[in-house]
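The next block holds one structure in the form of structure tokens; read it before the comments.
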Amino acid sequence: MNVWEVESGSAAVPALAGLCSMERAVDGNWSLEESVSRLKRLHYSLKRLHEMLTEKITHEPIYELKTAYSLHAYLCAEQVDLLRRRVSEMREPPLGLDKCPDESLAVFFDEIHGTPDTLEFLVGVYQVALPAVLKACQRLKKDAHPLADAPTVRVAKLIEFELSEVTSFGQAASEYLTCEQETVDVDPWRKHLSTFLSLSGAMDGVEEIPDIPSPQRRYPKENAVYHREPRRDGRFLDPFNAGVNPEAFLYDESYSAQDKTLMMYYKRIRELDVPEMMASILVDLRDEESWGFHMEMSRQLWDEARHAMMGEVGFASLGIDWTQIPINFTWSRNLNLQLDARERHGVLFFIEQGLMPRTGKRYEWEVANESGDELSALFQDFDWADEVLHAQIGRRWYVPRYDNLKEALSYGDRCWSKVLSYWREDLEKGRTEHRNWWPELYEQACKVWGKEPDEATRAFCVTYESQRADLEKI
Ligand SMILES: [Fe+2]
Ligand SMILES: [Fe+2]
């Protein structure tokens with residue numbers, strides 16, 4: 001049977017590459033101008049969401065929100081990228097993508113951005129803003145000409161697909177927090193935000209604007225502050241503890257590969273400090289760096305949050321409660337409070353380049369393979385691949401600012417050397433006792449592994465005080 005036979009029978013090959021019916025295609029109610037206008041409003045909205053989610057990563061104490069914001073900020077960046085590309089295909093240069101398309105839309109986002117309250121932020125992003133983005137995408141999918149503007153329809157479909165899950169997560173999280181804070185009524189806040197949205201004619205600007213006064217702003221843009229000091233929730237016990245130096249254990253040949261997997265899970269979960277620090281670079285360089293920089297750094301930030309969750313899963317695989325282990329956060333704290341954004345980027349690059357040689361990621365992967373722990377081997381395999389990507393991102397976005405690679409590395413080294421550690425002060429001021437938590441953790445793991453603890457391994461105790469800080473930590 002050939003194509004013509006199919007066509008002449010009852011089951012014809014669909015026309016127009018399956019995009020739509022002929023009846024739909026002959027409807028001429030669409031224009032390039034309308035398409036660009038809606039794409040630009042979506043672009044503005046997703047860029048604002050990307051910025052505010054990134055900004056909250058550092059100071060948000062709840063672990064699950066910190067990691068989710070890392071993912072969601074990255075996903076918003078991916079949509080921004082799609083939208084930029086599509087707008088650039090529409091006879092648009094200059095693109096005008098940095099212009100705010102509508103004052104009420106800007107105030108809508110300023111209000112969400114400005115709230116210092118986690119629940120209000122969740123309600124604003126996931127119960128109001130993202131559902132409005134999804135609605136705009138659904139409308140764009142329906143209104144755009146399916147043949148002439150097929151690439152826009154594709155973009156709208158992809159955004160809707162990817163952000164639906166994000167919205168569901170955030171709605172579940174905000175509902176949980178609403179139940180937890182019984183006395184708080186978020187309805188007035190939701191209505192407040194919805195009013196600004198309706199005053200801008202919805203996210204895509206196509207709805208009729210009601211004749212009502214603009215509400216009083218609660219969080220004017222000029223009062224917004226970025227909190228660069230990282231915070232952790234109450235499950236993070238003793239976060240100033242620097243009583244154990246995992247690198248000293250990991251690179252010591254006398255310890256077994258299996259025992260080292262435990263320390264690698266710790267190293268992974270401790271990486272939660274990298275998103276906290278990277279977010280501050282993105283916030284401080286928001287207006288100084290190009291979109292390409294923000295896009296790729298957002299991907300890297302999300303990878304680091306993933307690495308932390310791989311550590312969490314590693315401990316879960318052993319039935320160990322990670323909240324018993326002090327997860328140190330002084331690296332992101334010291335960097336965010338002592339260095340400027342360029343210096344912090346220098347430190348990041350210097351450390352990540354240091355992960356490539358023998359004591360770096362290949363070594364961790366080899367140890368994991370040797371240990372027989374399948375999950376550790378899997379995680380280290382992907383962790384290594386991610387870090388190779390990060391080194392490349394650094395070469396694209398950090399190194400070109402300096403004369404050559406050597407100079408770029410040396411700048412990072414100098415910046416890292418000037419970071420002050422408050423190890424002794426933390427002890428003296430009672431922030432921590434630098435308790436050696438290793439023997440306890442090791443004994444628990446040995447029970448799971450069904451083996452007797454090795455005496456020398458249990459006795460391991462090298463603090464950060466005795467070494468220069470953890471160069472291979474990321
Ligand atoms: Fe990492
Ligand atoms: Fe990395």
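Quick notes
- Whether region 260-349 is rounded, prolate or oblate, judged on the alpha carbon gyration tensor where a/c under 1.5 counts as rounded: prolate
- Packing around the peptides 359-366, 95-102, taken as the average count of other Cβ atoms within 10 Å per residue, puts them in this order, highest first: 359-366, 95-102.
- Debye intensity ratio in log₁₀ form over the Cα atoms of the chain, taken at each q of 0.06, 0.10 Å⁻¹: -0.33, -0.83
- Rounded to whole numbers, the Karplus 3J(HN,Hα) couplings from phi for region 452-461 are 6, x, 7, 4, 5, 5, 5, 7, 4, 7 Hz, using 6.51 cos²θ - 1.76 cosθ + 1.60 with θ = phi - 60°, and x at Gly and Pro.
- Here's the picture: charge each Lys and Arg Cβ at +1 and each Asp and Glu Cβ at -1 in the chain, and of His113, Ala150, Ser290 the one pushed furthest to the positive end of that dipole is Ser290.
- Each Lys and Arg adds +1 at its Cβ and each Asp and Glu adds -1 at its Cβ; summed about the Cα centre, region 87-226 shows a dipole of about 380 debye.
- Rg [Å, one decimal], Dmax [Å, integer] - region 246-466, C-alpha atoms: 18.1, 57
- Crossing angle, helix 257-270 versus the chain [Cα axis fit, 0-90 degrees, rounded to tens]: 50
- Cα long-axis angle, helix 361-371 against the chain (0 to 90 degrees, to the nearest 10): 70
- Helix axis angle, 405-417 relative to the chain longest principal axis, alpha carbon, degrees: 60
- Net dipole in debye of region 246-466 [+1 Lys, Arg Cβ; -1 Asp, Glu Cβ; about Cα centre; nearest 20]: 440
- Candidate lysines for bridging to Lys361, where Cα separation is under 26 Å - those fewer than 8 sequence places away on the same chain excluded: Lys66, Lys260, Lys267, Lys406, Lys418, Lys473
- When only the Cβ of Lys, Arg, Asp and Glu is charged (+1, +1, -1, -1), the dipole of the chain relative to its Cα centre reaches about 840 debye.
- Rg/Rh ratio calculated on Cα atoms of region 31-220 (Kirkwood radius): 0.97
- Hits among lysines - C-alpha to C-alpha of Lys142 under 25 Å, sequence gap 8 or more where chains match: Lys40, Lys47, Lys157
Bear in mind these aren't lab numbers, they're just calculated from the coordinates by the rules spelled out. This is a predicted model, so every value here is computed, not measured. In this analysis, Cβ positions are derived from the backbone assuming ideal geometry, glycine residues included, and neighbour counts consider all displayed protein chains.
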